[in-house]
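Colleague: Next up is a structure, given as structure tokens.
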Amino acid sequence: MYFCVGLEFGIPERRGGLNDWCLGRAMQEDEKKRRRHHRNKDRKDRKDRGERKHRSHRRQSTAPPRLQALVKTREAGGRGSGAAIRSYALHLAADKSTTFAQNIDNFIACTRDSREQRPQVVMRNMRQFMSGMKNYLVKHGEREFEKCVERERSKLRPNEFLNLDAILEGVMHRLVVRPLKEHLYYLFVNEYSDNGAIQLLADNIQYARTKSLSDLGIRAKIIPPSDADLETIFQYLKRLQVVDSPLEKLENLLSCISAIFNSVKYSSPENGEPVVLGADDFLPLFVWVLVQSGMVAAEIEAEYMWGLLHPSLLSGEGGYYLTTLSSAVHVLKNFTTCSEEKHSGAPLDWGIGPLSEFRSVLRIVVPDESNGSLLTKTLPVRPNMTTKDVCKIIAHKARITNPEDYGLFKLVNGEETLLKDDECPQDIKGAVTASGKHCMFAYKRMDAKIAWPKATPSE
């Protein structure tokens, strides 16, 4: 069941039809496939459905534990806590005599009437305004807001607390993001149509559909999700595009990724144990899922989340898998060009080959000082990602508890150079490689004295 966001692999209309663009519609071929699937599904009895549920439960452990926990946390969303505070904040917004309501209405009106056409600037203004209004309520309050908070505090147990920031973040999504979603998407469609990004992604998705799993870099031992599992995965991607809250979009992205992990099988499992997919295996698999879904709005959705999510949600697993989405989009946008530059029939090499040109992944060596060995980690990265942001991802994946003591180093012929926070590792590697030298990156304690091997681990 393929779906795209109202484009069917073409450029959307500039005026009107934005709701259709957001919701999407199925292609005829996919409608037939969906009907066949549901007819077959109806023929199966309760026993079969029970077995499928049991198998799904058994496979649950294939998703990384922290990802499973994060999905559950995001789905819970704190909906049961702070309901009274949330309700009172919405009440203040409905009362047009309050400063809170007037500021929100004025901001929305000014944003819609503004001549600013860059969605990134609009999102930055929205993010700053939402943070400012949250601070206003917490520090100054209005009407009975402070009393409402105190009443809720009095109900807390000794080991509980009210996360006012999280409660009010959801309120601001409803009051600010929801009314401006259509305007924001309109700006995105205009910009991405003008620069050809939508058409480029659509064309590459079409081209990638003609390629085999191995052509996409998926190893032979990996069995991708079945049609039934894909339907579940696609439902998460559809909901991601329909909801307006960036947090709900992130929830659906995480649920989608967890569903992919849980539905993958292996032709030769090691010792009968499930194998957790690393970035080397997951990224090409995720690219394949996006190709099958026909999600030509993937780049817009990723940028929407990057621009509107609270910075605290962009660290840890949430930021890591949002980076994975951006990385997969970048791979797809360059897929045709890179594939044509390779020899005919050669699959994607997710190490030193096309992905280096895609600038979508970085391989980092991390010294294990306890046993003198080097660990190699593959990280999805966004184009032009800074050293500071790359270090955040590495520290999270390597579970470094004191990241302030670590740094990212460039290794050229065994000589190390500490990268500055604002430098771009992808640019540095490209420049070194262009000069005919081999470049590798290492993440280590800044005061650790290490003699690097002359032959670095193969990428």
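The values are calculated or read from the model by the stated rules, or taken from the named source; none is laboratory data. What you see is a predicted model, and the numbers here were worked out from it, not measured in a lab. With ideal geometry, Cβ positions are generated from the backbone for all residues, glycine too; neighbour counts draw on all protein chains shown. Ligands, DNA and RNA are stripped out before the accessible areas are found, and what is left, the full protein with its side chains, is counted by its heavy atoms. Shrake-Rupley method; radii C 1.70, N 1.55, O 1.52, S 1.80 Å.
Colleague: What single numbered condition from (1) assigned to a loop (DSSP other than H, G, I, E, B); (2) buried (at least 19 other Cβ atoms within 10 Å of the Cβ) fails to hold for residue 219?
Modeller: Condition (2) is where residue 219 drops out.
Colleague: Next up: Could you tell me which residue of region 294-316 is farthest from residue 129 (Cα to Cα), considering only residues that are assigned to a helix (DSSP H, G or I) and open to solvent by less than 10 Å² (accessible area, probe 1.4 Å)?
Modeller: 298
Colleague: What is the one condition in (1) farther than 27 Å from residue 304 by Cα; (2) surrounded by fewer than 20 Cβ atoms within 10 Å (Cβ to Cβ); (3) not β-branched (Val, Ile, Thr) that residue 263 does not satisfy?
Modeller: Going through (1) farther than 27 Å from residue 304 by Cα; (2) surrounded by fewer than 20 Cβ atoms within 10 Å (Cβ to Cβ); (3) not β-branched (Val, Ile, Thr) one by one, residue 263 breaks only (2).
Colleague: If a residue has to be open to solvent by 30 Å² or more (accessible area, probe 1.4 Å) and closer than 30 Å to residue 288 by Cα to count, how many in region 163-205 make the cut?
Modeller: 8
Colleague: If residue 421 passes every condition in (1) at pLDDT below 85; (2) surrounded by 11 or more Cβ atoms within 10 Å (Cβ to Cβ); (3) in a loop (DSSP other than H, G, I, E, B) but one, which one does it miss?
Modeller: Of the numbered conditions (1) at pLDDT below 85; (2) surrounded by 11 or more Cβ atoms within 10 Å (Cβ to Cβ); (3) in a loop (DSSP other than H, G, I, E, B), the odd one out for residue 421 is (1).
Colleague: Could you list, in sequence order, all residues of region 222-247 that are more than 13 Å from residue 290 (Cα to Cα), among the acidic types (Asp, Glu) and either surrounded by fewer than 18 Cβ atoms within 10 Å (Cβ to Cβ) or free of Cβ contacts under 8 Å to residues at least 40 places away in the same chain (or both)?
Modeller: 227, 229
Colleague: Can you pull out every residue in region 129-139 that is polar (S, T, N, Q) and either surrounded by 15 or more Cβ atoms within 10 Å (Cβ to Cβ) or not in a helix (DSSP H, G or I) (or both)?
Modeller: Hit for region 129-139 is 131, nothing else.
Colleague: Next question, about the same structure. Of everything in region 315-329, what is farther than 14 Å from residue 289 by Cβ and at pLDDT 90 or above? Give them in sequence order.
Modeller: Hits for region 315-329 are 322, 323, 326.
Colleague: From the residues in region 96-115 that are in contact (Cβ under 8 Å) with a residue 12 or more places away in the chain and surrounded by fewer than 15 Cβ atoms within 10 Å (Cβ to Cβ), which one is farthest from residue 138 (Cα to Cα)?
Modeller: 112
Colleague: Output the number of residues of region 404-417 satisfying the condition of being under 12 Å from residue 388 (Cα atoms) and open to solvent by 60 Å² or more (accessible area, probe 1.4 Å).
Modeller: Residues in region 404-417 being under 12 Å from residue 388 (Cα atoms) and open to solvent by 60 Å² or more (accessible area, probe 1.4 Å): 1 in total.
Colleague: Let me ask something else. Only one residue in 152, 142, 160 is open to solvent by less than 40 Å² (accessible area, probe 1.4 Å) and either of a type in the set (S, T, N, Q) or not in a helix (DSSP H, G or I) (or both), so which one is that?
Modeller: 142
Colleague: Please go through region 363-418 and give me each residue that is of a type in the set (Gly, Ala, Ser) and in a helix (DSSP H, G or I), ordered by number.
Modeller: 395
Colleague: I'd like to verify a number: residues in region 428-456 that are surrounded by fewer than 13 Cβ atoms within 10 Å (Cβ to Cβ) and in a helix (DSSP H, G or I), how many?
Modeller: Result for region 428-456: 2.
Colleague: Same structure, new question: Taking residue 415 as the residue in question, decide whether it is free of Cβ contacts under 8 Å to residues at least 60 places away in the same chain and under 26 Å from residue 333 (Cβ atoms).
Modeller: Against the criterion (free of Cβ contacts under 8 Å to residues at least 60 places away in the same chain and under 26 Å from residue 333 (Cβ atoms)), residue 415 does not qualify.
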